[in-house]
Amino acid sequence: MSYFIDRRANAKHKSAVNRQRFLDRYRKHIKRSVEEAVNRRSITDMERGEKVSIPARDISEPVFQHGSGGKRTVVTPGNREFTEGDRLRRPGGGGGGGAGEGSASNQGEGVDEFAFTLSREEFLDFVFDGLELPHLERKALVDLDEVRPVRAGISRQGVPARMNIVRSMREAHARRIAMRAPIRRALREANEALEAEERKDPVLRNPARISELKEEIARLEKRMEAVPFIDTYDLRYNNLTNQPQPSSKAVMFCVMDVSGSMTQSHKDIAKRFFLLLYLFLERNYEKVELVFVRHHTAAKEVDEEEFFYSRETGGTIVSSALTLVDEIIADRYPPGQWNLYVAQASDGDNWDDDSATCRDLLVERLMSRLQYFTYVEITPHAHQALWEEYQNVAAEFPARFAMRQIVEAGDIYPVFRELFKRRVASP
């Protein structure tokens, strides 16, 4: 039987193993609390932890108790006031006016809860549990700086940390056999000659020869002992070489409408959606680049600060943003090397004839190169022409085009999870 001992250092008075076991056991309660927290507070506060409460009745555990055992005779006295089936009033009045600090529930159960705090890492783990970039593919190894050391045979030179013990001992054993073989053969011949000389009649023995053979045997045995058990010549080391690794490189285009039709409420919801998306990508993928595109009548590539916090007004021409995305892909992100994703947020308003142009751009230029396109329309009103044209795109590319409607801030997290949930690989 093998035993694995976890010797990772824990924080003071904490056990990482027990805490992870606890989080796994009450995952359902924690996920519910995390979802409520996401809808309740600002997305910009997402990176801090969260206090989670679990009802005390849900953390109770079964226990073993000794039974009374044996035979018992019990006498239950009767009474003159009550009979079977009578309903008794609760003492202290109907309101449960006890002296305790807790409040009673309508099910007759208390509201005692076990509260604990999730760390930042644990909280984000639950927020983004089960999410991924759909259709992520390995691309060609071009200008790739990611390498991983891999085994590449055995070398005679290296550092002690890479010493191959088995191979070194094998080389040492082979060397000892090779070096001792002629000595062992000469020693065997000398012993045989000495025995032959000693078996002779005492009259015929040659004392000088016997003395010579004994000196030779002593010299050979000394040579045998002088052969080292291991020598620097025997040492062998694992040879490592840096091998380029396939990389799932991706770029996410964040496209947002900042025209006059987008009210401040709409813009705030769009910003919160993209902040959640940004946090998700930053946490889970090291090889994901972000490109921020804002548009009204004209589109512009901006940095993160300007994308989220600057204000603009004007009309709406959505095709300007899609055209700019297409130009950026052609200039900087070849589809053969990058996984391309686009996330667009708008209120659905667009110039009269521009929605058909957006459909043509997506169908003829973009969708054949994109891994995934998500569109969220932030409006409580009826859909306009842009939504209708995008429905045609979704019908033509059902696996790579997704669109959802957001009415209020509470819809952001459910819609986000629906757009980026982990897909089951098709057979």
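The values are calculated or read from the model by the stated rules, or taken from the named source; none is laboratory data. The structure displayed is predicted, hence computed values, not measured ones. Note that each Cβ is placed from the backbone with ideal geometry, even for glycine, and that neighbours are counted across all protein chains shown. For accessibility, only protein heavy atoms count, side chains too; no ligands or nucleic acids. Shrake-Rupley method; radii C 1.70, N 1.55, O 1.52, S 1.80 Å.
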Filter the trypsin sites (Lys or Arg not before Pro) in segment 295-396 to those in DSSP coil with at most 14 other Cβ atoms within 10 Å of their Cβ, and list the result. R311
Leaving ligands, DNA and RNA out of it, work out the accessible area of F229 with a 1.4 Å probe and give it in Å² to the nearest 10. 120
Could you list, in their original order, any pairs among K267/K287; K31/K421; K28/K267; K31/K287; K28/K271 whose Cα atoms are separated by more than 23 Å? K267/K287; K28/K267; K31/K287; K28/K271
Would you mind checking the radius of gyration and Dmax of segment 249-419 based on alpha-carbon positions, in Å? 14.6, 41
Contour minus Cα-Cα distance for K300 and R209 (0.36 nm per residue): 22.3 nm
Calculated FRET efficiency for the pair F229/V159, C-beta based, R₀ 22 Å, to 0.05: 0.50
At a Förster distance of 35 Å, what's the computed FRET efficiency of A330 paired with Q391, Cβ-Cβ distance as r, to 0.05? 0.80
Based on the mean of other Cβ atoms within 10 Å per residue, sort peptides 250-258, 312-320, 267-275 so the most packed one is first. 250-258, 267-275, 312-320
F82 and Q65 label points (each 7 Å along its Cα→Cβ direction) are spaced in nm at 2.1
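Express in % the proportion of alpha carbon pairs of segment 160-239 at distances exceeding 19 Å.
Across segment 160-239, Cα pairs with separations above 19 Å total 53 percent.
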